[in-house]
Structure formats: structure tokens, C-alpha cells
Amino acid sequence: MSIENALDELMPEFEPRAGGWDDVLRRAGRTRRRYGLAAVAVAALLVVPAALGLHGLFQGTPAPPAVKSWFADSLTQQGFRTKFPQADVSQAHGVLEVQTSDGPEDLWVAPNDRGGSCWFIDFANDPPGPDGQYGFGGCYPWADFALGRSQKGAYAMIWPSGRPSTDIDWGAVWINPHPTLQTLWGHLNVSATRIEVDLANGSTLHLSVVESFFLASLSKDDRVTEIRAYDDSGAKVATVRPVQMRR
Amino acid sequence: MIAELEELYRARRPEFCRVAAAIAGDRGLGEDAVQEAFAKAVRKRRSYRRRGSLEAWVWRIVVNAARDARRRRPVLPQPGELRLAETNGHGPALPLELLTERQREILFLHYYADLDYATIADTLGISPGTVGATLSTARGVLRRALTHEVTQ
């Protein structure tokens with residue numbers, strides 16, 4: 001008996017199976033839902049009931065090449081080479097992921113040569129364009145300015161909060177490819193583990209702080225009225241209100 | 001990316017299952033390992049760095065899932081028991097117990113999935129030269145054992 005025949009006898013071939021891919025997708029989603037349910041249960045105990053990011057699965061994910069390329073090139077190719085710090089691309093990684101109606105939205109971070117962090121936000125289901133990944137980002141320190149890239153080319157934006165807080169830098173913008181959504185993101189310069197975000201419609205979001213960042217997906221029409229940061233003892237450590245929201 | 005994974009799954013699922021089942025030592029465990037591996041690939045798709053081929057990246061996840069499945073088996077049969085059960089008493093069995101884990105995995109990837117040396121090397125994190133040498137050694141061991149068994 002040949003080795004080939006003996007191997008065939010040892011493990012006969014498998015037949016194609018209908019519905020196998022659907023099962024894969026169910027399993028892929030099941031872990032997220034399980035994690036989400038567990039997170040919500042814990043959050044309920046902590047009185048942090050809403051808008052949780054699934055950072056447990058995503059945090060530490062090495063940045064894909066398209067995101068690394070953004071950190072390496074985009075921040076320095078728009079005429080701001082002297083303004084933006086240099087990101088350490090080799091350490092670019094995922095920090096926060098939130099689920100939106102347009103799929104996962106991710107916040108990536110890379111440390112920079114000025115002791116701060118460069119950040120980048122994109123939608124996981126948006127394919128990279130010819131110039132790289134679509135999305136937007138910036139760097140700390142230098143918090144009141146961000147750059148983006150879309151199908152229509154590169155663009156720049158001022159932080160919508162009007163001016164940066166010393167304790168909480170944040171922004172809330174919508175971008176063309178996702179017209180019904182608004183991205184709320186921010187960075188804390190104080191030690192905090194969670195934040196509360198008051199919206200003009202009277203609701204309050206409770207968000208986790210991961211690696212000093214937070215991220216949430218809002219409706220395009222939502223308007224932030226106040227953000228409060230809390231440390232792990234529950235003490236309020238910072239508050240910021242927008243000076244004037246441009247709509 | 002998800003579309004590429006689905007295409008790979010639909011095109012190669014029988015081979016993935018066969019290799020995973022051989023590594024896990026059980027057809028059901030192998031099938032389950034493949035499902036879990038592809039689910040993981042979907043979840044972690046953004047960590048794929050495109051340095052190597054997508055197929056090799058998925059094979060790596062499948063092989064790891066199959067190894068985990070084998071370790072989780074409640075009772076591992078002894079190699080001799082495995083041979084008797086799986087050959088059903090007809091003809092000489094393949095004495096896989098004479099091979100190392102790496103030799104077995106390379107053998108399965110090569111024969112069951114028809115992978116070339118480069119893809120196997122990428123999957124297992126070794127050089128193509130090591131794949132060739134290991135495969136040659138494994139064949140030699142099995143050939144000698146089978147010949148000995150037949151002539152006894």
C-alpha cells in the first residue's frame with residue numbers, strides 16, 4: 001500500500017456542505033453578541049448602560065497596512081509636515097470599535113515622537129481607496145485640527161467643539177460616505193475610566209475610556225451639550241461644554 | 001475581505017476539513033475547528049497584514065484551531081488504538097505515531113490540501129526548505145514502516 005492510499009484510508013474526503021458559510025457568519029457574530037451582552041450586564045451593575053464599545057475584542061489588534069499607511073503618509077503629506085508629530089507606525093493598533101448601522105467603526109492609535117498619540121477613525125466596511133484607507137484623524141499634542149481622506153480627496157477640519165479643552169479634547173463630525181451617522185470621539189488629558197455625554201435631546205451616553213480615548217456613534221442630528229469624565233473611584237475629574245456647535 | 005474569505009471557504013472547505021480532522025484526530029472536531037477558524041478569520045480580518053497570501057493566513061488559523069481541538073479532546077486514544085479503529089482491520093495502517101507533530105502536519109497539508117512548499121512554510125512559520133526536508137524524512141519513515149509491515 002502506498003502512502004497516498006494509506007492517507008486516503010486514514011481520512012476520507014469531505015463532501016461540500018450547504019449552509020456552512022452562514023454558520024461561519026453566525027459564529028463570528030455570536031462572539032460579538034455574547035461579549036456585548038456580558039458587557040451590558042456588567043455595565044448595568046456599574047450604571048454604565050449604553051453605547052459601549054466592543055474594545056475587548058478589538059483593542060490591541062495590529063493596524064492593517066492601509067491604516068498604517070495613513071499614519072505614515074497622510075499626516076505629513078498635506079503640507080503639515082512640521083505641524084504633526086511623527087507616528088510610530090510599527091505600534092499602530094486598534095483601541096476602540098463601536099457598532100453602527102453602517103458596520104463597525106474603529107479608532108486606531110499610534111504613539112508619536114512628541115510623547116502623545118496619533119489617531120485615526122474609519123469604518124471597517126469601507127474599502128481602501130487608491131490613496132489608502134478612507135477616514136480621518138490627527139495627533140496629540142495639537143488637538144484642534146484633523147485631516148481626512150475620502151473618495152473626494154483629502155480634507156481638513158477644525159474640531160467642532162470650537163476650541164480644545166485642557167482636560168477633554170473631543171469632536172463630533174459626520175462624513176459624506178455615512179450621511180446618517182455622526183462620530184463622537186475624544187481624548188482625555190486627565191486620568192479617567194469613563195465619561196458621560198449629555199445630548200440636547202435629554203439623553204446621556206455612558207462611554208468607556210480606553211487608552212485615554214473614547215468613541216461613540218451618534219445620529220447625525222444629535223448635539224452634545226456636556227461631557228463629564230470620572231475616575232475609577234467615581235469622582236468627577238473634568239467637564240467640558242461646547243462653546244458653540246456649528247451645524 | 002469577507003467576500004474573499006467566503007470564496008476561499010466555498011472553494012476549499014473539504015480540504016480544510018480534511019486537514020483539520022487529521023490534526024484533531026476526529027472528523028467532527030475537524031469540521032467544527034474549520035467553522036470556528038473561519039469565524040475567527042472574519043472577526044480578525046483587519047489584522048491580516050497581506051504580507052503573505054490570504055490562504056496561508058487562513059490555513060494558519062485552521063491549523064491552530066485543529067491543534068486546540070485535539071488538546072480539548074476528553075480522552076486521547078493511543079496511537080495504536082487510532083490505527084486499528086480507523087483502518088477497520090483492513091490492510092496495513094499508516095503508523096503516524098512514528099512521526100513528529102510537525103512531520104504529520106506537513107504531510108497532511110501536502111497530501112490532503114495539495115499545498116505547495118511555500119504555502120505550507122507560510123502556514124507553519126518555517127522555511128520552504130525545511131518543509132521539503134521534513135516531508136522527505138516523513139515519507140522515508142512511513143515507506144520503511146509500510147514495507148516492513150507488508151513483508152512481515
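The values are calculated or read from the model by the stated rules, or taken from the named source; none is laboratory data. Note that the coordinates shown come from a computational prediction; the quantities given were computed from them, not determined experimentally. All Cβ positions, even for glycine, are placed from backbone atoms using ideal geometry, and neighbour counts span all protein chains on display. SASA here: full protein model, heavy atoms, side chains in, ligands and nucleic acids out. Shrake-Rupley method; radii C 1.70, N 1.55, O 1.52, S 1.80 Å.
Points to keep in mind about this one:
- When segment B:3-31 is filtered for residues that are open to solvent by less than 60 Å² (accessible area, probe 1.4 Å) and over 14 Å from the mean Cα position of the chain (by Cα), the ones remaining, listed by number, are B:L5, B:E6, B:L8, B:Y9, B:G28.
- On the stretch given as segment B:1-13, residues that are among the basic types (K, R) and more than 7 Å from chain A (Cβ to nearest Cβ) total 1.
- Scanning segment B:14-43 for residues that are closer than 16 Å to A:V24 by Cα and at the interface with chain A (Cβ under 7 Å from one of its Cβ atoms) turns up B:P14, B:C17, B:Q35, B:E36, B:F38, B:A39, B:V42, B:R43.
- Taken over segment A:1-14, the residue count meeting the criterion of being modelled with pLDDT of 80 or more and facing chain B (nearest Cβ under 7 Å) is 9.
- Considering segment A:195-239, the residues that are in contact (Cβ under 8 Å) with a residue 24 or more places away in the chain, under 18 Å from the mean Cα position of the chain (by Cα) and part of a loop (DSSP other than H, G, I, E, B) include one that is farthest from A:V109 (Cα to Cα), namely A:K220.
- From the options A:R30, A:R26, A:R17, A:R34, residue that is away from every other protein chain (no Cβ under 11 Å) and either modelled with pLDDT of 85 or more or closer than 30 Å to A:P127 by Cβ (or both): A:R34
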